[in-house]
Amino acid sequence: MGRAVACTLGVAGATVIVGARSREDCQATADHIQAGGGVARALPVDVIDAVSLATLFELLEQHFGRLDLAVNDVGATFGQSNTQETPPERFARTLAVNLMGTFRCLQHEITLMMQGAGGAIVNISSIGGTRGFAGIQDYCAAKWGLIATERFEQAREQYRATIDARLAGIPQGHAGTGNDIASPVPSLLGPQSAFITGAVIAVDGGESARTH
């Protein structure tokens, strides 16, 4: 999803700073944007590493002088188990990445935006942030505090019956793609959405509407 969002913003004319743990993935995404005529730079970062995160924003400020728009697409799961069997260490790690990682990004982003003319931020969560799912209570808890990807396809092979049942509950009948998630982002970051603040917008094929 992060790659799809970055490429969509590149096509829209933004100067895109691509940040993720994998240097190779960051560079590949930046290269893809540039090959399409866009402007992009890869700056690898680990959101749970305070030094790594501070370095990214220091470099961003040094090279560009400001930050206008930000998209936080921080997400990871580290296992599945019943609540009573979930190791507290895994629960804490999930919150550290998904919730605290996004919070730390927000702190840096808002600080830099306030030095200029302000800006707009989109945080990408999960359907797990609007309803609970058995076995991944740590992930749902993190997403409450704040879709087909490669991770989805890997999980589908392992939990095919569960995921197929979930897909049957989506009115549109299929999982969303990275591009489905990315498509609304340029509009949400743009001036036409300036009056949208603190809103939760479901991009889920109608699943949330069906369950409420």
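Rule-based calculations on the coordinates, nothing more; no lab input. Note that the coordinates shown come from a computational prediction; the quantities given were computed from them, not determined experimentally. So basically every Cβ, Gly included, is an ideal-geometry build from the backbone, and we count neighbours across all protein chains shown.
When N counts the residues of the stretch 65-123, how does its alpha-carbon radius of gyration compare numerically with 2.2 N^0.38 Å, as a ratio?
Working: Rg = 15.5 Å, N = 59, 2.2 N^0.38 = 10.4 Å.
Output field value: 1.50.
How high is the relative contact order of the stretch 19-119, in percent, with contacts defined as C-alpha pairs under 8 Å that are six or more residues apart?
Computed over the stretch 19-119, the figure is 27 percent.
For Leu188 and Met100, what does the FRET efficiency come to when R0 = 35 Å and r is the distance between their Cβ atoms, rounded to the nearest 0.05?
Numbers: r = 23 Å, r/R0 = 0.67.
My answer for the efficiency is 0.90.
If each of Phe78 and Phe195 carries a label point 7 Å out from its Cα toward its Cβ, how far apart are those two points in nm?
The modelled label-to-label distance comes out at 4.4 nm.
Assuming 0.36 nm per residue, please report the length gained on full extension of the stretch Asp49 to Glu24 beyond their Cα-Cα distance.
7.1 nm
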